[in-house]
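The values are calculated or read from the model by the stated rules, or taken from the named source; none is laboratory data. Quantities reported herein were computed from a predicted structural model and do not represent experimental measurements. Here the Cβ is made from the backbone with ideal geometry for all residues, glycine too, and neighbour counts use every protein chain on show. With ligands, DNA and RNA removed, areas are computed over all heavy atoms of the protein, side chains included. Shrake-Rupley method; radii C 1.70, N 1.55, O 1.52, S 1.80 Å.
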Amino acid sequence: MADSSTQSIVVGASPDRVTAVICDFPRYPEWTDAVRRTEVIEEYEDGYASQVRFALDAGVLADEYVLAYEYAEDLSRVEWHLVAPSKMQRSQRGSYDLVGNPDGTTTVTYTLEVELSVGMLGMFRRKAEKMIMDTALKQLKRRVEETGAAR
């Protein structure tokens, strides 16, 4: 059984800009330290990715897996799940929820639930989840704010 973890961060950009970075899967290796390769293997009619293959190398954790994506109609939520078990994961479910703030920023809430194929003590698993989520949110914030400044 997997536990769910949730963290939030405020990004200095509109929800549209944040969503554009989240949905630009081919560019993940440019700004996400652990992601080595991505491949959009299936798309919806509107061009948004429905399935993406990831090759991940985070030192002790190396894995290749496919995630299936779904999007809220207004793109305020992007959610995913693991298509099939991988070498390291039995299951994965996650989401980004985006809420625009009156000052033009966006609160991004990241929820992640992973069941590993390898055993890990609960205390270490929770610490690893927190580190993964902290890193993912900080890298997303940096990428969105950098790309916004470049425009």
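Assorted remarks:
Conditions tested, residue by residue: (1) farther than 21 Å from Thr147 by Cβ; (2) open to solvent by 40 Å² or more (accessible area, probe 1.4 Å); (3) of a type outside the set (Phe, Trp, Tyr); (4) free of Cβ contacts under 8 Å to residues at least 60 places away in the same chain.
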{"position": "Ile9", "(1), (2), (3), (4)": "no, no, yes, no"}
{"position": "Asp16", "(1), (2), (3), (4)": "no, yes, yes, yes"}
{"position": "Tyr28", "(1), (2), (3), (4)": "no, no, no, yes"}
{"position": "Asp57", "(1), (2), (3), (4)": "yes, yes, yes, yes"}
{"position": "Tyr65", "(1), (2), (3), (4)": "yes, no, no, yes"}
{"position": "Ala72", "(1), (2), (3), (4)": "yes, no, yes, yes"}
{"position": "Pro102", "(1), (2), (3), (4)": "yes, yes, yes, yes"}
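- For beta carbons closer than 7 Å, sequence separation of 6+ or different chains, a first residue in the range 33-51 that is touching a residue at least 24 places away in the same chain (Cβ under 8 Å) and of a type outside the set (Ser, Thr, Tyr) and a second that is open to solvent by 90 Å² or more (accessible area, probe 1.4 Å) and part of a strand (DSSP E or B), the qualifying pairs are Ala49/Glu43; Gln51/Glu42.
- Flag not set for Ala62, criterion: among the hydrophobic types (A, V, I, L, M, F, W, C), at pLDDT below 95 and part of a loop (DSSP other than H, G, I, E, B).
- Residue, farthest from the chain's Cα centre (by Cα), within the range 30-55, restricted to residues that are within 21 Å of Arg90 (Cβ to Cβ) and open to solvent by less than 30 Å² (accessible area, probe 1.4 Å): Ala55
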